[in-house]
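J.: Let me give you the structure first, and then I'll get to my questions.
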Amino acid sequence: MAPEQQKESKVEVIKRESRFLRGTLKEALQDDEAKFSEDNVQVLKFHGVYQQDDRDLRQQLKKEGKDRHWIMMVRARIPGGVLTADQYLVFDRIADELTDYGTLRITTRQTIQLHGVVKDNLKETIRRINDAMITTLGGCGDQVRNIICCSAPGDEPFRGEMREDLLSLVDRLGAKTHAYYEIWLDGEPIELEPGKTEEPLYGDVYLPRKFKVAMTPEGDNCIDVYDNDVGLVAHIEDGHVTGYTVLVGGGMGRTATDPKTYPRLASPFAYTSRDKLVDVVTAIVTVQRDFGDRVNRRFARLKYTLDRRGVDWFRSEVEERLGYRLDAPRELVWHNASDHFGWHREADGVSYLGLFIPQGRVKDDEGVRLKTALREVIREFRPTVRLTTQQNVILSGIPDEQKAAVEARLREFGVPMPWELSPTRLGAMACVALPTCGLAVAESERVLPELLPQFEQLFADLGIADAGITLRMTGCPNGCARPYNADIAFVGRTLGKYDVFLGGGSLGTALNEKFADAVPFAALVDVVRPVLEAYARERQVGEGFGEYCRRVGLERFRSTEPALS
Ligand code: SRM
Ligand code: SF4
């Protein structure tokens, strides 16, 4: 049966009945419950809030006959990841004053998540974020999420032009409901004129599923542009943007038990001039709005709509809405996908510093007081703070004469400079997973640091430390650290066990394939070792590990796989 003939999913009903994302949130914020109802939990996501519980405490609390420790994760929407110094400091302070953990999490979509906000602190948290002129509306939910962009600053005109285009997209594609102001900022309810809707683009059921848009200049794939529902690659001539190649249908999510789900890289779709960009992306969003699967959320992303109906059908539907034929996409060439670490010239007499944030977690440890260091440097030198999609931070706009002082201040708190760290470490990513992620089946952020030194040693022993091999880990198959286009990925299968994927690539242009199933954490290095040894012996000049795996195939290594349990 076609999706349109079947019963819509429960979330569709909740969205429609929520009256443009109001639900009963205003009332729930007044009650004494420590958690929100199931329906409100769904509505909350659109406001940038996930209800979670501290999974480390679950067993103990159960033993004591107590309820779970309910906490919220609050995700801001920070277009392109750009924050003023003061805005960053607001998050730093909220983490200390209103969260259980006192940390900030830089995400793989260059925003900040605050974990561990109890219900009583939620409204105050969102109010403070809004007072800093940042919203959480659109952080999550079935709508266009935070639009990401390569974070490298610079004085070339194309960077400003891309920023302008990004903000136009945010303006057109952002949710418009007044509910956010009523619930979180005590705004007066609005009276709509008859026949007017609060959401001209989305309607009352929003999109069938999350929708991700990314933008980057041609040549630089630091953001993994192919992993997005819509990828926009700016073509540059004489320092200016001439137009964009539009890619459609990327996405990482899969379900371990359902082979009909899969990661997919976005397909080249069209070329558009700058002035038509917003209309083209809006038309794509509306086609997905009207034809995406609203029955089964597992197949509701744009990638499935495209594969079900075909790219040609999709293009003609978009063209019909635009009223003109789209130009063919341009050929794309990539040179870089690393994260702009270290000092770089930004403009005459001004530099930026790309800093490594281990697994995106800004916190104070005994040896490295990263959270304090960032706070002090940002307070004193007032750089623009740019969050990257590889969970790192760029401090930008630093006068050259202050470079040494910035560095000295960071070192005072034990923060290493990126050039002192291995490429393996700098390029590795892990998703949040336990203890907050409700979908995690295995550890990720907390165990990657144990694995990295082992791989660093192995790469050094094999003479491949500078080969730029990317390593990514997630606590489940959903793919939040974009594992399926890394050279090596460990994807949580169950507690302590990971599926191993090999053969993506450091430029983010290829998918890897599953190499081994449910490998215990302690055996991960040994499972990959034979392939790395062969790579070290047989690689061609300039050949990356992923490329090598795809050239020779993984079959011959599968037979040498050690016992896995
Ligand atoms: Fe994600 C769900 C964390 C980027 C694919 N993701 C979740 C939730 C909200 C779990 C949930 O639904 O209850 C996780 C919250 C954990 C926590 O405690 O914070 C979560 N995702 C993250 C972050 C924080 C990972 C990180 O370590 O940085 C990233 C936040 C991004 C942001 O700022 O918006 C994050 N998630 C991604 C990405 C990467 C990207 O977008 O570049 C992906 C893969 C790309 C894609 O969307 O296909 C991703 N997250 C998912 C999925 C699978 C979606 C699918 O199509 O199947 C889920 C589950 C779902 O939506 O049902 C999910
Ligand atoms: Fe949670 Fe899975 Fe995403 Fe990791 S990949 S944050 S475990 S949903």
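J.: Can you give the three extents of the C-alpha atoms in the range 350-455 along their principal axes, from longest to shortest, in whole Å?
T.: 48, 28, 26
J.: List the equivalent ellipsoid semi-axes of the chain in whole Å, largest first, each obtained as the square root of 5λ for an eigenvalue λ of the Cα gyration tensor.
T.: Semi-axis lengths for the chain are 33, 29, 27 Å.
J.: Grab the Cα-Cα distance for Tyr262 and Glu193, subtract it from 0.36 nm times how many residues apart they are, and report the gain in nm with one decimal. List each step's numbers first, then the result.
T.: Working: separation 69, 0.36 × 69 = 24.84 nm, distance 4.43 nm.
Length gained, Tyr262 through Glu193: 20.4 nm.
J.: Compute the whole-percent fraction of alpha carbon pairs in the range 478-565 spaced more than 19 Å apart.
T.: Details: 1326 of 3828 pairs.
Across the range 478-565, Cα pairs with separations above 19 Å total 35 percent.
J.: Kirkwood Rh over alpha-carbon pairs of the range 216-264, then Stokes-Einstein at 10 °C and 1.306 mPa s: what D in µm² s⁻¹, rounded to an integer?
T.: My calculation gives 130 µm²/s for D.
J.: For Met473, what residues show an amide H to amide H distance below 5 Å, using hydrogens built from the backbone and excluding near sequence neighbours?
T.: Met429, Ala430, Cys431, Phe490
J.: Which value in Å does the Kirkwood hydrodynamic radius of the range 219-349 take, with 1/r averaged over all unlike C-alpha pairs and then inverted?
T.: When all Cα pairs of the range 219-349 are included, the Kirkwood radius is 16.2 Å.
J.: Efficiency by 1/(1 + (r/R0)^6): what FRET value for Gln59 and His335, r their Cβ-Cβ distance, R0 = 51 Å, to the nearest 0.05? Each step should come with its number before you reach the end.
T.: On the way: r = 49 Å, r/R0 = 0.97.
That gives a FRET efficiency of 0.55.
J.: Another question about this same structure. From largest to smallest, what semi-axes in whole angstrom does the range 277-397 give when each is the square root of 5 times an eigenvalue of its alpha carbon gyration tensor?
T.: 42, 20, 13
J.: D for the range 60-109, whole µm²/s, Stokes-Einstein with Kirkwood Rh over alpha-carbon pairs at 37 °C and 0.692 mPa s: what number?
T.: Translational D for this selection: 248 µm²/s.
J.: Between the range 144-189 and the range 486-565, what is the C-alpha centre distance in whole Å?
T.: The distance from the Cα centre of the range 144-189 to that of the range 486-565 comes to 38 Å.
J.: Taking N as the number of residues in the range 91-162, what value does Rg over Cα atoms divided by 2.2 N^0.38 Å take? Spell out each step's value before the answer.
T.: Values: Rg = 14.7 Å, N = 72, 2.2 N^0.38 = 11.2 Å.
My calculation over the Cα atoms of the range 91-162 gives 1.32.
J.: If you look at just the Cα atoms of the range 410-565, how large are its Rg and its Dmax in Å?
T.: 15.2, 50
J.: On to the next question. Can you run phi through the Karplus equation (6.51, -1.76, 1.60; θ = phi - 60°) for the range 361-375 and list ³J(HN,Hα) in whole Hz, with x for Gly and Pro?
T.: Calculated HN-Hα couplings, in order: 9, 8, 8, 9, 10, 4, x, 10, 9, 5, 5, 5, 4, 5, 4 Hz.
J.: Separate question: Against the empirical 2.2 N^0.38 Å scaling, what ratio does the C-alpha Rg of the range 147-190 come to?
T.: 1.68
J.: Using only the Cα atoms of the range 113-214, each taken as one equal point scatterer with no solvent, compute I(q) by the Debye sum, divide by I(0), and report log10 of the ratio at q = 0.10, 0.12, 0.13, 0.24 Å⁻¹.
T.: Cα-only, vacuum Debye calculation for the range 113-214: -0.38, -0.54, -0.63, -1.35.
J.: For the range 226-282, build the charge dipole from Cβ charges (+1 Lys, Arg; -1 Asp, Glu) around the Cα centre, then report which of Gly249, Leu232, Thr261 sits farthest towards its positive end.
T.: Thr261
J.: What ranking, highest mean first, results for peptides 376-383, 483-490, 114-121, 43-50 when packing means the other Cβ atoms within 10 Å averaged over each residue?
T.: Going by the mean number of other Cβ atoms within 10 Å, highest first, we get 483-490, 43-50, 114-121, 376-383.
J.: Students often check this: by mean Cβ neighbours within 10 Å, which of 207-219, 521-533 ranks highest, and how do the rest follow? Please report the intermediate quantities before stating the final value.
T.: On the way: 207-219: 23.2, 521-533: 18.5.
Descending packing order for the listed peptides: 207-219, 521-533.
J.: A follow-up question, please. So how do 141-150, 413-422 stack up, highest first, on mean other-Cβ count within 10 Å?
T.: 141-150, 413-422
Only the coordinates and a few stated rules stand behind these numbers; no lab work does. The structure displayed is predicted, hence computed values, not measured ones. All Cβ positions, glycine included, derive from the backbone under ideal geometry; neighbour counts span all protein chains shown.
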